[in-house]
Every structure is written in C-alpha cells, then in structure tokens.
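The values are calculated or read from the model by the stated rules, or taken from the named source; none is laboratory data. All of these numbers come straight from a predicted model, not from anything done at the bench. Using ideal geometry, Cβ is built from the backbone for each residue, glycine included, and neighbour counts are taken over all protein chains shown.
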Ligand code: GLN
C-alpha cells in the first residue's frame, strides 16, 4: 500500500507546487523508493487540451497520449518516470465519470452528491494513480480557499482518516511576503491559509515557506505557534537561481529525512550527486549561445515550458549558457528579417491558427537561405514544407488547410482531406476540438545516411505527437531530387515525421515534439546537436 504525500498551496497561486512535488519525489526516487506523482486540477475542462497557452501555459503530452498540465513535464524531467492518463485528474473528468455512472444506474437510485459520490470518485482516481508506488506525491492544484478545490481537499481529508496513521502526510506550500520599506517578513497570510485548511479538517504536517531568503528561527517559532505545525517541520522554500537547485535546497534542510521519520519508512541512503553535478555544470557554463524562438505565444514563457527546458538541458550538455530571445512571429515582416541575423539558431515551435504564420514562413526561409541552424517543431515542420513548396518548388499559394481551406496546393492538410483533395473538393471538417488530435508516443522510421539517423543512432525511434494536420502525401514526389529530404516517416511511408535540408549546416524539423522527452541529465539528441552547431557556426 502506497504512502501518500499531499501537497497543497496557500496565499497565492504559482508558488511552485509542481517543482516542489517533483523535487521531493526525485529525492525519494534517488534513495531507491518507488514513487508516483499525480496532479489534481480543480477546473471543469476534461483536460487542458482545449485551453489557450496564454491562460494555462503549455499542454504536456504523455506517452499514452493524455493532454495534461505542464507540471507533469516537471515530474518527468525531475524524476525520470513516465506519466500517464491517470497522472492528471481534473474536476471535469471526475464529474464526467460520476455522471456516466449515474446514467448507467450504478448508484442504485441514490441522490448523487459531492459527498460521497464525487469524493469517492476522486479517492478512487488517487488510488489508481499510485499503483505500484511506495510513495505517491499528490499535488492539489489551485489555492486553498478556492471554492472549486473543496471536493479535492475533502477527498484527501477522508483518505487521511481512512488510512493507517503514518500513511499520509500533508505539505502546505505558502508565501511569506516581505514588506520592503520596513524589511519585515509577514506571516499573517500563512496563518490565515493554514486556518483555512484546518477549518476543513486538514492539519498540515509540514510547511514550506516561499520567500526571497531563508527564514530564521524567530519566524519559524512564530509560524509554528500560530499554525500548530511543529517548529522542526517549518522549512524554507527560498528563491533559487534555477529550479534544478530546489532538490538540493530541500536536501540541505533534511526535509526528506523528516518525511521518512513521519511516514515511518526505512532510512535508505540519500543520494544528491546527480543534482549537484548538473547544477555545478550549469553554473560553469559561460560561452553564450543565443537562440531565437519565433512563435505566437511568446508573451508567456510557460507556453513553451518543455521547449525552454530542453534547450537549457542541451546548453548545459554543451557547456554553453543559453539566452532565448522570444520573438513574436507577427513582428517578422519581409523588410525586417535581418533582425534574425543576430541569432545563432532559430526555433519555430508548435502552434495553432493563422496568426503570425507569414512571419514564421519568412523566418524559415531566412534560416534556409542564410544557413542559420533551424529547428522546426510540429507547426515548425509544416511551416518548412509550406516555405519550401512556395519558394523552391514554385507552388506560390501552397498552404496548410488549417490556414486556407481554398489553397490550390494543400501541402499540409488533414488526412481525411487527402482523398477530397484528389477529387477536387476540400471540406475542412473538424467538428470536435478536444482530444481529437494525433496524440502520444508513436514509432518513426529513420532513413540511414540522414542527419536524424546520425543523431538518434537508431532505425526506429519513438516520440510524442500532438497535431491534426500532416504533410499531404500526394505532394511527396514533388520533393524528390530537391534539397529537402523526408528523413523520418511512420508506417508504410504514410506520414512524414522528420524533414531536413541536404546542403545546409543544420536544418531539421519534426512533426513530433521532441521536447517532451528531454531530461536534464542527458538532454535530447536533436537539441544537443542543434545547440552544438548553433554555438560552433558563429
Ligand atoms: N496546428 C498544427 C496541427 O494541428 C500544428 C500543431 C502543433 O504544432 N502542435 O497540425
């Protein structure tokens, strides 16, 4: 039976519960415990797949094709375990299960209520998510005090009551604001947040206090007195120079030892070396590499979370210090592509919709013509195909049917449209948005003698997808005998997965998202090579 560590957040959102859960889980995994992680999200969407990246940041895709919260990306990167459909539970999913059961008559005539039906469903999903684990880390999204997180908090309260003592533990991550004029750390919001938790029957076992600096004993005593949390269980969660420093900071305060004691688990030897090595290497990286990210969601860096992290991992791998310049593709016009010339490498990331597409096409053309290393991801690959078709093959109005359903040359289109196109009638028939994309890990064959093969060193690779549109098979022949090689494909050459340019220092684009499988310790073959060439060529 797994032990459960529940992580809640107080005072404000975005305190870093995800990084906290990931860091603690990593410490226990390194000690040799089997860990699992789960994120409970109180919103009504079935999954974040339909949410705008501006609101919710990146949608992280799991191997089994779930569209999930970006925290799951942190979990995979920090802990090195694979998340699944069960690892992210939204209120929408819980309610849809409950309503389905009600329609099937499974509640045998009862009045279906939040307690016990919704809470029972949540508890059963929590248990499902912890299968096979010694310790399960369960992060409750939102902030304590929100109306919508109440059923989730009630469920973890019930679990605590139902389980043996020392099988559950509550960690509350809270904020200690600093009033700068008087240089005073304020504990009142934390006191209130814990009061709120206690009013619904949850007494936190551990408090992690976010703030600029470490907190002293005086503050700890005060917090302890007002929250009924033992002084030894009040820890600092001070700002760190990099998120990868957090496991070390927690280790230094012996939070993991305290948890082991509380959960009455055997004391396995602690290991922190991989994090120390990685962060030391990160700090020593001085040779600058400047990468431009030309996309649509550049105002919120969280929109490209996994991508940013993958570029960082690859930079550390190459002993370079990464600077990402986020460029709104709408700002790239025919007359100003020169501003791309200061970049050592260009990434055109994934995206949806028409806005800024022309700027991305100009960017891909600039990188191709001026020999600037280019990495296109998902939409970034589709953009490369459109650009090449227009400017090299001379198909001036080539486009994706996502952007122009009447294009005479739908080089990118829905697979269902390929036949319509041959018959001369395109429809554009997406009726349902959520969960209808090509999702999750799929196999891709690599052509020997290609750059992709040289980097992956394998015939068959597996990478994760999240898109609807594909390179239109009817056009593949037109690319024969050009510089553009489709070096990765799936099935019987049905779907094109990777393209590269032959007479270019480094130009590669993938239909899949390699950023979902990069890890801090080893990076990812595509990113590692991209950063190396970007640094070497300028
Ligand atoms: N909008 C494109 C599609 O749906 C690309 C998606 C993406 O970049 N993830 O195919």
Subject >> All positions within region 226-249 that are within 21 Å of residue 203 (Cβ to Cβ) and assigned to a helix (DSSP H, G or I) >> reply: 226, 227, 231, 232, 233
Original post:
So which residues in region 442-477 are under 21 Å from residue 526 (Cβ atoms) and surrounded by fewer than 18 Cβ atoms within 10 Å (Cβ to Cβ), if there are any at all?
Top reply: 443, 447, 448, 449, 454, 457, 458, 459, 460, 462
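Select from region 405-422 the residues that are under 30 Å from the mean Cα position of the chain (by Cα) and either more than 16 Å from the ligand (Cβ to nearest atom) or at pLDDT 90 or above (or both) and write down the one among them that is surrounded by the fewest Cβ atoms within 10 Å (Cβ to Cβ).
Our first condition is that a residue be under 30 Å from the mean Cα position of the chain (by Cα); within region 405-422, this holds for 411-416.
Then drop every residue that is not either more than 16 Å from the ligand (Cβ to nearest atom) or at pLDDT 90 or above (or both), which leaves 411-414.
On the way: 411: 25, 412: 28, 413: 28, 414: 21.
The selected residue is 414.
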**OP:** Select from region 87-116 the residues that are under 31 Å from the mean Cα position of the chain (by Cα) and part of a helix (DSSP H, G or I) and list them in ascending order.
**Re:** 87, 91, 92, 93, 94, 95, 96, 97, 98, 99, 100, 114
Subject >> Filtered residues of region 494-517 (kept if in contact with a helix residue (DSSP H, G or I) (Cβ under 8 Å, 6 or more places away or on another chain), farther than 25 Å from residue 305 by Cβ and part of a loop (DSSP other than H, G, I, E, B)) >> reply: 494, 504, 505
**OP:** Return a yes/no flag: does region 30-47 have any residue that is over 18 Å from residue 244 (Cβ atoms) and without any contact (Cβ under 8 Å) to a residue 40 or more places away in the chain.
**Re:** no
Subject >> Neighbours by Cβ (under 6 Å, 6+ apart or cross-chain): first from region 369-393, touching a residue at least 60 places away in the same chain (Cβ under 8 Å) and more than 24 Å from residue 532 (Cα to Cα); second in a helix (DSSP H, G or I) and away from the ligand (no atom under 15 Å from the Cβ) >> reply: 393/478
**OP:** Could you figure out which of (1) farther than 29 Å from residue 326 by Cβ; (2) modelled with pLDDT under 95; (3) surrounded by fewer than 18 Cβ atoms within 10 Å (Cβ to Cβ) isn't true of residue 433?
**Re:** (1)
**OP:** Would you check if there is a residue in region 73-82 being within 15 Å of the chain's Cα centre (by Cα), buried (at least 19 other Cβ atoms within 10 Å of the Cβ) and over 17 Å from residue 36 (Cα atoms)?
**Re:** no
Original post:
Which one of the conditions (1) under 21 Å from residue 304 (Cα atoms); (2) over 19 Å from the mean Cα position of the chain (by Cα) does residue 520 fail to meet, given that it meets all the rest?
Top reply: (2)
Original post:
What helices (runs of 4 or more DSSP H) completely inside region 250-319 contain at least 1 residues that are over 23 Å from residue 232 (Cβ atoms) and without any contact (Cβ under 8 Å) to a residue 60 or more places away in the chain?
Top reply: 273-284, 305-317
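Only one residue in 178, 208 is in contact with a helix residue (DSSP H, G or I) (Cβ under 8 Å, 6 or more places away or on another chain) and in contact (Cβ under 8 Å) with a residue 24 or more places away in the chain. Which one? Outline the logic, then answer.
On the way: 178 fails: in contact with a helix residue (DSSP H, G or I) (Cβ under 8 Å, 6 or more places away or on another chain).
Criteria check complete, one pass: 208.
Residues are listed down the side, and each one gets a yes or a no for (1) within 16 Å of the ligand (Cβ to nearest atom); (2) at pLDDT below 95; (3) surrounded by fewer than 21 Cβ atoms within 10 Å (Cβ to Cβ):
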{"residue": "496", "(1), (2), (3)": "yes, no, no"}
{"residue": "504", "(1), (2), (3)": "no, no, yes"}
{"residue": "508", "(1), (2), (3)": "yes, no, no"}
{"residue": "524", "(1), (2), (3)": "no, no, no"}
{"residue": "527", "(1), (2), (3)": "no, no, no"}
**OP:** Count, please, the residues in region 1-32 that happen to be in contact with a strand residue (DSSP E or B) (Cβ under 8 Å, 6 or more places away or on another chain), more than 18 Å from residue 266 (Cβ to Cβ) and in a loop (DSSP other than H, G, I, E, B).
**Re:** 5
Subject >> Pair list, Cβ < 6 Å and 6+ apart or interchain, from region 460-487 residues that are at pLDDT 95 or above to residues that are in a helix (DSSP H, G or I) and more than 16 Å from the ligand (Cβ to nearest atom) >> reply: 484/388; 487/452
Original post:
If you go through region 333-349 one residue at a time, do you hit one that is in a helix (DSSP H, G or I), within 16 Å of the ligand (Cβ to nearest atom) and within 22 Å of residue 510 (Cβ to Cβ)?
Top reply: no
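Kindly establish whether residue 361 is within 16 Å of the ligand (Cβ to nearest atom), crowded, with 18+ Cβ neighbours inside 10 Å and free of Cβ contacts under 8 Å to residues at least 40 places away in the same chain.
Working: within 16 Å of the ligand (Cβ to nearest atom): yes; crowded, with 18+ Cβ neighbours inside 10 Å: yes; free of Cβ contacts under 8 Å to residues at least 40 places away in the same chain: yes.
Against the criterion (within 16 Å of the ligand (Cβ to nearest atom), crowded, with 18+ Cβ neighbours inside 10 Å and free of Cβ contacts under 8 Å to residues at least 40 places away in the same chain), residue 361 qualifies.
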**OP:** Of the numbered conditions (1) buried (at least 20 other Cβ atoms within 10 Å of the Cβ); (2) touching a helix residue (DSSP H, G or I) at 6+ places or on another chain (Cβ under 6 Å); (3) closer than 20 Å to residue 206 by Cα, residue 145 fails exactly one; give the number of that condition.
**Re:** (1)
